[in-house]
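Accompanying notes for the structure given below.
What follows draws every value from the coordinates through simple rules; no lab data is involved. Since the model is a prediction, treat every value here as computed from it, not as a measurement. Positions of Cβ are backbone-derived with ideal geometry, glycine not excepted, and every protein chain shown enters the neighbour counts.
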Amino acid sequence: MIKLLAACSPGVVATRQDAASLEREPSIILEPLQEFLDRALLGSGPLSVAPIGGGHSNLTYALDRGSERFVLRRPPRGLLHASTHDMIREARLLRALKPAGVRVPEVLAECETPDVIGAPFYIMEFIDGHVLDQDLPPALAATDDYGRLISYELVDALAELHAVNPSTGPLGAFGRRGGYLERQIQRFHDLLEHNATRPLPELTRVGNWLAINRPAQSEATLVHGDYRLGNVMYRVQAPPRIVAVLDWEMATLGDPLADLGYLTATWAETDDPADPMLDLSNLTRLPQFPGRDDLIDRYANSTGRDVTGLSWYQTLALWKAAIFLEGLYKRYLARATDDSYLARLHTGVPELARRAERQTEA
C-alpha cells in the first residue's frame, strides 16, 4: 500500500531506502511519517499524501488516514538560509495565535528534527475552505458584488489581526516591539547578499533609499509579513468569510503598515502589467474587484491609522519580495525544485526590482 501511494505524488517516497536512492531529496517519506502519526495518535491505517495549495516556497500536503484528514507543512527542499523557512517557529506562533482569537488552524503535532521526513515539520487540522488564487467557487461567484465583499473581508481580517494585544499570553515572545523597520532592512540586505545569482543594482539602490527615508515606528502590533489574497482561505458558501489566515513564517511584532503596504503593493488591478508578485493575485484584475486605493481607505476608516506615508511601505514590500523571490530562483538554478513558476524569475525578479525603484518616486 505505501509503495503504491508513494508513486502517486512527486517527491513522496515510501521508505528511507527509497529516499537514499534519489538524486534529489524527497519531500515526504511515508513509512516513518506514518509511524510518527501513530505515536501522535493522529488517525490510523494506511496513509495517503497529496500536495495542496499553490505556494512556491514552503510545502503543504494533505494527509488522509481513513476518515480523518490533516495538513503537513515543511520547508522547501535544498539548502536554506538560516533565517528563513522556520516551520517550528511558525507552529509555535499558531499555537499562541489560536487562543487569542486569530483565524488560524489548530496545530496538532510538531517534529523539530529532520529524522522523520528529512526536514522539521508540523501537522495541523484540515480546514474546509478555498484559497482564491485563480478561480472562484461557484457559490461565491454567484454572489452580488462578490469582488467588493471578498476584498473588504480581507481588509477587515487584517484590521482584526492588528487589533490583537500582543502583550497577552505568549505572543510577546515572537518579536521585539521596537526597531522593526530597521531590522527588516538589515535582514533583507543580508538576504540579498546571500540570495543574489546575478547583479541586481536596483535592489541595492532601493535598499539604500529605504534606509535613508525610513519612517519612525509609532506602534507595534502583530505583523503577518506575507498578507495577501493567496494566503487566506475563504469558506465556499456565500457570503465571503475568511476561515483561516495561512503562511505565518514571516510573522513577528512590528509596524502594521508593513502588512497594508504589502497587501496593496501585491494587489493586481485591471490594467497592471504582469510581474511575479501581481501574477499571484490575477483574480483581482477582474473589474468586480476594487482597486488598491479602496483597500487603503477601508483599512484607514476601520483602524483610524494614518496611511499617508504608505508609499514607503509599498516600496519595502516590493524590495523584500524581489529579494525573497531571488532566493527561490537560486534554489531553482541549484535544481532543488522544478517549479515552472520559478523559471520565470530569471526575468521576473529584475522586473520587480525595477518596479520597486519606480515606487521610490511615487
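Given an 8 Å cut-off on Cα distances and at least 6 residues of separation, report the relative contact order of segment 58-144 as a percent.
27
For segment 53-168, divide the Cα radius of gyration by the Kirkwood radius and give the resulting Rg/Rh value with two decimals.
Value, to two decimals: 1.01.
For Cα extents along the principal axes in Å, several values are listed as (1) 68, 51, 40; (2) 58, 47, 41; (3) 65, 41, 41; flag the one computed from this structure.
(2)
Loop-only GluC sites (Glu not before Pro) in segment 288-362, please: DSSP not H, G, I, E or B, and at most 15 other Cβ atoms within 10 Å.
GLU361
Please work out the FRET efficiency for the pair ARG285 and GLU160, using the Cβ-Cβ distance as r and a Förster radius of 25 Å; give the result to the nearest 0.05.
After rounding to 0.05, the efficiency reads 0.45.
With r as the distance between the Cβ atoms of ASP145 and ASP190 and R0 = 41 Å, compute the FRET efficiency 1/(1 + (r/R0)^6) and round to 0.05.
Details: r = 45 Å, r/R0 = 1.09.
Efficiency computed from Cβ-Cβ geometry: 0.40.
Grab the other residues whose beta carbon is less than 11 angstrom from that of ARG228, score K and R as +1, D and E as -1, and report the net.
Every neighbour counted, the sum reads -4.
How would you order 20-33, 132-145 from highest to lowest mean count of nearby Cβ atoms within 10 Å?
With the highest mean Cβ count within 10 Å placed first, the list reads 20-33, 132-145.
Can you tell me, using C-alpha contacts under 8 Å and at least 6 residues apart, the relative contact order of the chain as a whole percent?
Worked out over the chain, it gives 16 percent.
Which is farthest toward the positive dipole end of segment 138-359 among PRO350, THR266, GLN314, measuring Cα position about the Cα centre, with Cβ charges +1 (Lys, Arg) and -1 (Asp, Glu)?
Looking along the dipole axis, the top candidate is PRO350.
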